[in-house]
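This report concerns only the one structure given below.
The values are calculated or read from the model by the stated rules, or taken from the named source; none is laboratory data. Please read all numbers here as calculations on a predicted model, not as lab measurements. In this analysis, Cβ positions are derived from the backbone assuming ideal geometry, glycine residues included, and neighbour counts consider all displayed protein chains.
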Amino acid sequence: MTEYIAQCLHANDDEIRAYRVGDHAFLSTYVGGRSASVALEADDARTFARGILALADEVDGGEAKPEPEEDTRPKVGDRVIVVEDDPNGLTGKFVGLVGTLTKDDGGPYVPYLVKFGDGSHGDVDGQWYCRRVEKVADETASPSAAAITFPTREEHLHHARELLGANPYSAHDLMRLADYLAGEGA
């Protein structure tokens, strides 16, 4: 049975309930320990509901407040899997690793500090700042394949060119830096 309950702001035990009884909309009130009820035809219930909406519009100008968005961002202490680590340092080294979120500075670049173990910062058994992580229920979970992003060779080349700037380096130097940025096996 579908039931709607309106609780009084000032008296916790006072309320109005609306529900269906047969072919009628039924309203029950509980005020000060006493109850009363009203059975309405469907059209009369709609008219009453429109009247309540008009009254609410009169109170606040008709501004419906948006539903709060669900916060899907992992919280400090959550077990997370790294989807994208720092794209400018040790790229790809931590992707797919599961750790504990120890800090979230809320920034857009690499907001999440993930701890994987007691090792040093930058070691796979240590901790690292990451761009994107997903909360996991257990250590066997893995992110969706579409969620994991690895920079392409072209992105590494563009990044290498940005790092080299206007310096007169050769294409060979550019390729070596891009390979270095990509890590082993690029």
Inset, instruction - Could you look through the stretch 9-24, keep only residues that are of a type outside the set (Gly, Ala, Ser) and in a strand (DSSP E or B), and pick out the one that is nearest to Asp44 (Cα to Cα)? - result: His24
Legend entry - Hey, Arg176 in a helix (DSSP H, G or I) and modelled with pLDDT of 70 or more or not: yes
Inset, instruction - Could you tell me whether the stretch 40-52 includes any residue that is surrounded by 12 or more Cβ atoms within 10 Å (Cβ to Cβ), at negative phi, of a type in the set (Asp, Glu) and part of a helix (DSSP H, G or I)? - result: yes
Inset, instruction - Could you run through the stretch 112-132 and say how many residues are in contact with a strand residue (DSSP E or B) (Cβ under 6 Å, 6 or more places away or on another chain) and modelled with pLDDT under 90? - result: 1
Legend entry - Flag if Val82 is crowded, with 18+ Cβ neighbours inside 10 Å and in contact with an Asp or Glu (Cβ under 9 Å, 6 or more places away or on another chain): yes
Inset, instruction - Go through the residues of the stretch 70-77 one by one and say whether even a single one is hydroxyl-bearing (Ser, Thr, Tyr) and either in a loop (DSSP other than H, G, I, E, B) or on the phi > 0 side of the Ramachandran plot (or both). - result: yes
Inset, instruction - Would you check which residues across the stretch 90-123 are closer than 14 Å to Arg79 by Cα and assigned to a strand (DSSP E or B) and list them? - result: Val98, Gly99, Thr100, Leu101, Thr102, Lys103, Asp104, Tyr112, Leu113, Val114, Lys115
